[in-house]
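First up is the structure itself, then whatever we jot down about it.
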Amino acid sequence: MTRLNQLLDRNERFARDYNPSALGIPAQQPVVVTCLDHRVDPAIMLGLQLGDAPVIRNAGGRVTQAVIDDISFLGYLSEQLFGGQLGDGALFEVAVIQHTQCGTGFLADAGFRGGAAAATGLAEDTLEAMAVTDPDATIRADVERLLAAPGLSPKVSVSGHVYDIATGRVTMAVDARFAQSAAR
């Protein structure tokens, strides 16, 4: 017996009324990068519906190389499939959203980090870099990292936001911008 039985039952109800849609431009245009924490659900906190936005989730909502690769691919795919349909020359905005009280903050503690390294096989310096103890600081660093990525389309803008677990509010920490060296 799986622990997913209740969720699979919910999926059956969903599938009864499901109408598949063709690959197309997401309804809301952002790409959301956020944490995998169960308290951070972008569909709920941003009011997203199916088809509104691609969502990339990882520990801390950090801009890792894997995230950069995914966004670079989405930029290329969007340009190829929808480039002429967007009017203003922009493809999409990446909204990087980190949050307060993030569990990755435990990685700032050397003892915890050492145990995590032993359990996961990840290097301690890799784990230390994942820590979100001050989301206002890490969001700025991650926005800069993404804007500096050579594979990022110059038609993709990036913004940074912090979700406050205590209040449920998302605030902008870094306004949307394109890479400085890139002209749209």
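Based on C-alpha pairs under 8 angstrom that are at least 6 apart in sequence, the range 1-146 has a relative contact order of 24 percent. Couplings 3J(HN,Hα) of the range 7-13, computed from phi: 5, 5, 5, 5, 5, 4, 5 Hz, in residue order, whole Hz [Karplus 6.51 cos²θ - 1.76 cosθ + 1.60, θ = phi - 60°; x for Gly and Pro]. Each Cα pair under 8 Å and six or more residues apart adds its separation to the average, and for the range 88-166 the resulting relative contact order is 51 percent. Per residue, the accessible area of the chain comes to 59 Å², computed with a 1.4 Å probe over protein heavy atoms only.
Once you reduce the range 27-57 and the range 70-147 to the center of their Cα atoms, the two points are 14 Å from each other.
Rounded to the nearest percent, how much of the accessible area of the chain (1.4 Å probe, protein heavy atoms only) is carbon and sulfur? That share works out to 54 percent.
Here Ile44 and Ala108 are evaluated by their C-beta separation; at R0 = 22 Å the FRET efficiency comes out at 0.20. In loop segments of the range 1-96 as defined by DSSP, the chymotrypsin sites (Phe, Trp or Tyr not before Pro) with at most 14 further C-beta atoms inside 10 Å of their C-beta are Tyr18.
With a ≥ b ≥ c the root eigenvalues of the C-alpha gyration tensor of the range 1-131, is it rounded (a/c under 1.5), prolate (a/b larger than b/c) or oblate? Cα axes put the range 1-131 in the oblate bin. Extension gain, Ala15 to Ala119, is 33.6 nm, computed as 0.36 nm per intervening residue step minus the present C-alpha separation.
The values are calculated or read from the model by the stated rules, or taken from the named source; none is laboratory data. Model, not experiment: these values are computed from the prediction. We place every Cβ from the backbone using ideal geometry, glycine too, and count neighbours over all the protein chains shown. Ligands, DNA and RNA are excluded from the accessible area calculation, which covers all protein heavy atoms including side chains. Shrake-Rupley method; radii C 1.70, N 1.55, O 1.52, S 1.80 Å.
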